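The values are calculated or read from the model by the stated rules, or taken from the named source; none is laboratory data. Worth saying up front: this structure is predicted, and the values here are computed from it rather than measured. Here the Cβ positions follow ideal geometry from the backbone for every residue, glycine too, while neighbour counts run over all protein chains shown. We work out accessible area using only protein heavy atoms, side chains counted, and drop any ligands, DNA or RNA first. Shrake-Rupley method; radii C 1.70, N 1.55, O 1.52, S 1.80 Å.
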Amino acid sequence: MRNFWIDTDTASDDAVAILMALRAADVNVLGISAVSGNIPVEKGARNARYTVELCGKKTPVYMGASRPLLREPVWAYFFHGEDGMGNMNYPEATLPVTEGNAVLAFIDAVRAHPGDITLVTLGPLTNIALAVRIAPDIAKKISMCYTMGGAAVTLGNVSPAAEFNIYVDPEAAGIVFHSGIPLMMVGWEHCRGEANLNDEEMAMVRSFKTPFADFALDCNATAIATNQKWLGEPGLSLPDPVTMAVALDPAICLHHGSCYVDVDTTSEVTRGMTVVDQLGVTNQPANIDVCWKINVARWKELLYQSLK
Ligand code: BDR
Ligand code: CA
């Protein structure tokens, strides 16, 4: 069994990613830390708890940072709905929020499983930045961190330069990127184009007739509509599940490479931009493993297996 920790601003695509990890036969999710991002942290923790319960698990869900390190919160209701879950207004889970601070619980988990804990981040990096500031020793104890964030080879989604998770808390992203945690950046580009679930693929998922398949489509209702209206892309884009798929099966990333990556925190125009030094012109040591290309068919197959 592999130990996972998931840090998440649980809205609709986060929920599908959490479900994939919880339903993976070879993964033990030690804990889930909620962070402010798509929605306020209380709503995110509520959605994570609902997802855990749907999967028949009792995975602890901790409450983390309620705002970015230095900036005002930015929400993404327009993409995920008022509840973050496609306005499905799912009932409150019976599983309570686990007592204790998410950041401290994460530090404890890493120290209890040194070299045997995979971190998957699906939201702004506030919790993780706080953790490495409080306990720098944990950086080298994390086996690997898979981060949904940034945009290495494409435009951003909340600004021309930046992807949402990094834009929301760029200072936190900068701290984490330079913390020494072995980290693969799975940028927003990997959920676009062919990686979207088109109408036929969504119909096939619906035909599974499982609560998991219905949940994945229903809670993404707002996201599906916005994806089509705003980006003109077919169907459903799933940035967090693509990253989770790479964490579950690293061979899904077909081409990757270590680069020096920095995060812009100084300009409003390029706030949160992930600047990738592909040519090594800065002469800075590589700090990030950048995922350049994914195996789209294999990502979708892993998703389907999780939903059956
Ligand atoms: C990221 O932002 C959020 O809206 C999604 O959950 C994903 O983590 C995509 O930019
Ligand atoms: Ca997310």
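Report relative contact order for the stretch 2-307 in percent, whole number only (criteria: Cα-Cα under 8 Å, sequence separation at least 6). Kindly include the intermediate steps, with their values, before the conclusion.
Values: 717 pairs, mean separation 61.1, N = 306.
With pairs under 8 Å counted, the relative contact order is 20 percent.
Accessible-area rank, largest first, for Trp292, Trp188, Trp75, Trp230: Trp230, Trp75, Trp292, Trp188, with all protein chains present and a 1.4 angstrom probe. Accessible area of His256 (1.4 Å probe, protein heavy atoms only, ligands and nucleic acids ignored): about 100 Å². Rg and Dmax, both from the Cα atoms of the chain and both in Å, are 17.5, 53.
Across the alpha-carbon atoms of the stretch 87-225, the computed radius of gyration and Dmax are 17.8, 48 angstrom.
Order of 65-71, 212-218 by packing, highest average Cβ count within 10 Å first?
Values: 65-71: 18.1, 212-218: 19.9.
My ranking of the peptides, most packed first, is 212-218, 65-71.
If you place +1 on the Cβ of every Lys and Arg, -1 on the Cβ of every Asp and Glu, and leave all else neutral, what size is the dipole of the chain about its Cα centre, to the nearest 20 Debye?
Numbers: 22 positive and 34 negative charges, 112 e Å.
Using only the charged Cβ atoms, the result is roughly 540 debye.
A straight Cα-to-Cα reach below 29 Å connects Lys300 with the lysines Lys43, Lys57, Lys58, Lys209, Lys229, Lys308, residues fewer than 8 places away in its own chain not being considered. Summing Lys and Arg as +1 and Asp and Glu as -1 over all other residues whose Cβ lies under 13 Å from the Cβ of Pro160 gives a net charge of -2.
With viscosity set to 0.890 mPa s at 25 °C, what whole-number translational diffusion coefficient in µm²/s follows for the stretch 164-308 from Stokes-Einstein and a Kirkwood radius over Cα pairs? In µm²/s, the coefficient is 147. Distances between placed amide hydrogens fall under 5 Å for Leu183 paired with Cys145, Asp289, all partners being 5 or more residues away or on another chain.
If you sort Lys140, Lys293, Lys57, Lys300 by accessible surface, 1.4 Å probe, largest first, the order is Lys140, Lys293, Lys57, Lys300.
Summing Lys and Arg as +1 and Asp and Glu as -1 over all other residues whose Cβ lies under 11 Å from the Cβ of Asn3 gives a net charge of -1.
Taking 41 Å as R0, compute the FRET efficiency from the Cβ-Cβ separation of Ser267 and Glu233 and round it to 0.05.
Values: r = 28 Å, r/R0 = 0.69.
The calculated FRET efficiency here is 0.90.
A simple spin-label model places the labels of Glu42 and Arg111 3.1 nm from each other, with each point 7 Å out along Cα-to-Cβ. Reachable aspartates and glutamates from Lys141, Cα under 16 Å, same-chain residues fewer than 8 places away excluded? Filter leaves Asp108, Asp116.
Here the simple spin-label model places points 7 Å from the Cα toward Cβ, and for Tyr304 and Val275 these points are separated by 4.3 nm.
Antiparallel beta bridges, as assigned by DSSP with both residues in the chain, represent about 30 percent of the total such bridges.
Work out the charge dipole of the chain with +1 on the Cβ of Lys and Arg and -1 on the Cβ of Asp and Glu about the Cα centre, then indicate which of Asn38, Thr118, Leu303 is farthest towards its positive end. Of the options given, the answer is Thr118. Summing charges over all other residues whose Cβ lies under 13 Å from the Cβ of Ser33, with Lys and Arg as +1 and Asp and Glu as -1, gives -3.
What is the extension gain from Asn283 to Thr94, computed as 0.36 nm multiplied by their sequence separation minus the C-alpha to C-alpha distance, in nm to one decimal? Before the final figure, lay out the partial values.
Values: separation 189, 0.36 × 189 = 68.04 nm, distance 5.27 nm.
Value of the extension gain: 62.8 nm.
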